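Below is one structure, written out as structure tokens; comments come after it.
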Amino acid sequence: MTIIRFIVHNWPLKIGAILLASTMYVGMVAVQSTQVWPGTVSIQEIHTPDNAVRVDPATLPLVSGIRYIAPSDVRLTNDSFRATLDLSTAKVGLSEATLARVQLVSSDSRVQIIDYQPQQIRITLDKLVRKTVSVLLVTGDPPPGVTVGEKTLTPSVVQVFGASSLIAQVSHAEARVTIPSSGLDVDQDAPVIARSSTGDEVHGVEFDPPTVNVKLQIGSQLRTQTVPVKPPIVGTPTSGYIVSSIDITPPVVSVRGDANALEALNGLAATQPISIDGATGDVSVKVALALPPGVQAQDITTVTVVVHLQSPSSSRTLTIGIVPDGARPDRTYNLSTASVIITLGGATAALNALDTSTLVGVASVGNLDVGVHTVAVLVTLPSGIKQIALNPTQVTVTVVNASASSPPPSPSPLPSASP
């Protein structure tokens, strides 16, 4: 009876309130009618547990059938919605799947989302692991008339990672290239794919690195040839030096390639350039061979090269002064000439480096008495420089006491210098 009394008490007011609420709802619906978004929204996976990965298909379904209420002036785009799949509570292990919730929100607060599909997705997580596997190169049969020489894979092993159940199936990686019928060498990056022990492709795993570099020596007639080594010499040595000879060890090398590649050698195996710029002596280096594409040395990759430098002989004529050596302070010494002409010989580099301002002719007068004397002129030269000619070789020295008032006697004529 209490319930009936509550229902019928002031029933006109209650009916009026219900009618008013219904009227207001109808008005709101009229202003903001339910609409359907015609596009789709991709789902973003969030809060995935550490060291875990989904083993379901890599691409999640798209959210569609989006029903919403919004004012008539709202304009929506693909950026107006964001869909996420929260995996924070998902179980890791193939034995148990998780029903994860899809949450759809709008960046516009005036939009009220009513419905969308899907709202839940069943997913399975597995442990994320990685391992190292070898890369197997697959080329297939070469075209008619084409032969395949040396094969190079860089790197030859890679890291594969993904769900533990999938990684367990991977026995090796495979890189596949096609041998061109043109006969040109192959140098390209090839993607790697996962293979099981039975040769089946294992999907859903990734590689680090995802590609390997493949080099194939292609030719129609690979052969071996022995050619001399010729190093290119660049630069200029210090002035006065020239290249006298070059020693190469070994002087010849054995190379292999097809006919076209070997023809590019022009009968010589070059090395990397050797610089002698500014050198003042022999230059000895170990240098790598610089072979054209498609040609490889059979046994060695570097050679030893010694560039011998020498300075050719030359001569130089100049005038130098004469100084008395051993002069006494109480005597006066008068020389018949103040300078001599000297011709020097030696290596050009040594002559270029000689400081001529330090050269003097020396006349020894320490043991001379008062009178007129003939004295030899001596010139001291550095090592590596020799005297070719000196004119005159002697000078007349007149010695008088410093206190003597009479003029000194006239000097006797000097003998002529030999040519």
Exercise. Convex hull over the alpha-carbon atoms of the stretch 224-310: what's its volume per residue in Å³?
Worked result: 79
For this session: Rounded to the nearest 10 degrees, what's the angle between the helix 11-31 long axis and the longest principal axis of the chain, both from Cα atoms, 0 to 90?
Result: 40
Problem set entry | Rg followed by Dmax, in Å, when the stretch 305-380 is reduced to its Cα trace | 17.9, 67
Seminar exercise, completed: Label model pair residue 72, residue 154: point-to-point distance (7 angstrom along the Cα→beta-carbon line) in nm is 6.9
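Could you work out the relative contact order of the stretch 224-310, using alpha carbon pairs under 8 angstrom and six or more residues apart, expressed as a whole percent? Please report the intermediate quantities before stating the final value.
Details: 189 pairs, mean separation 36.2, N = 87.
Rounded, it is 42 percent for the stretch 224-310.
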Seminar exercise, completed: Length gained if residue 45 through residue 254 is fully extended, taking 0.36 nm per residue and subtracting the Cα-Cα distance, is 69.2 nm
Problem set entry | Difference of contour (0.36 nm per residue) and Cα-Cα distance, residue 357 to residue 64 | 95.5 nm
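Suppose we take every Cα in the stretch 80-163 and form the convex hull; what volume per residue is that in Å³?
Taking only Cα atoms, the stretch 80-163 has a hull volume of 228 Å³ per residue.
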Exercise. Taking Cα atoms of the stretch 127-219, Rg/Rh with Kirkwood Rh, to two decimals?
Worked result: 1.05
Exercise. How about the stretch 99-141: which trypsin sites (Lys or Arg not before Pro) there lie in a loop by DSSP and see at most 10 other Cβ atoms within 10 Å?
Worked result: none
Exercise. If r is the Cβ-Cβ distance from residue 286 to residue 315 and R0 is 30 Å, what FRET efficiency results, to the nearest 0.05?
Worked result: 0.15
Exercise. For residue 197 and residue 79, FRET efficiency with R0 = 41 Å and r from the beta-carbon atoms, rounded to 0.05?
Worked result: 0.30
Exercise. Which value does Rg/Rh take for the chain over its C-alpha atoms, Rh per Kirkwood?
Worked result: 1.48
Exercise. What's the FRET efficiency of residue 114 with residue 136 using the Cβ-Cβ distance as r and R₀ = 60 Å, to the nearest 0.05?
Worked result: 0.60
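Here, each number is a calculation from the coordinates, and none is a lab measurement. Values in this document were obtained by computation on a predicted structure and should not be read as measured data. In this analysis, Cβ positions are derived from the backbone assuming ideal geometry, glycine residues included, and neighbour counts consider all displayed protein chains.
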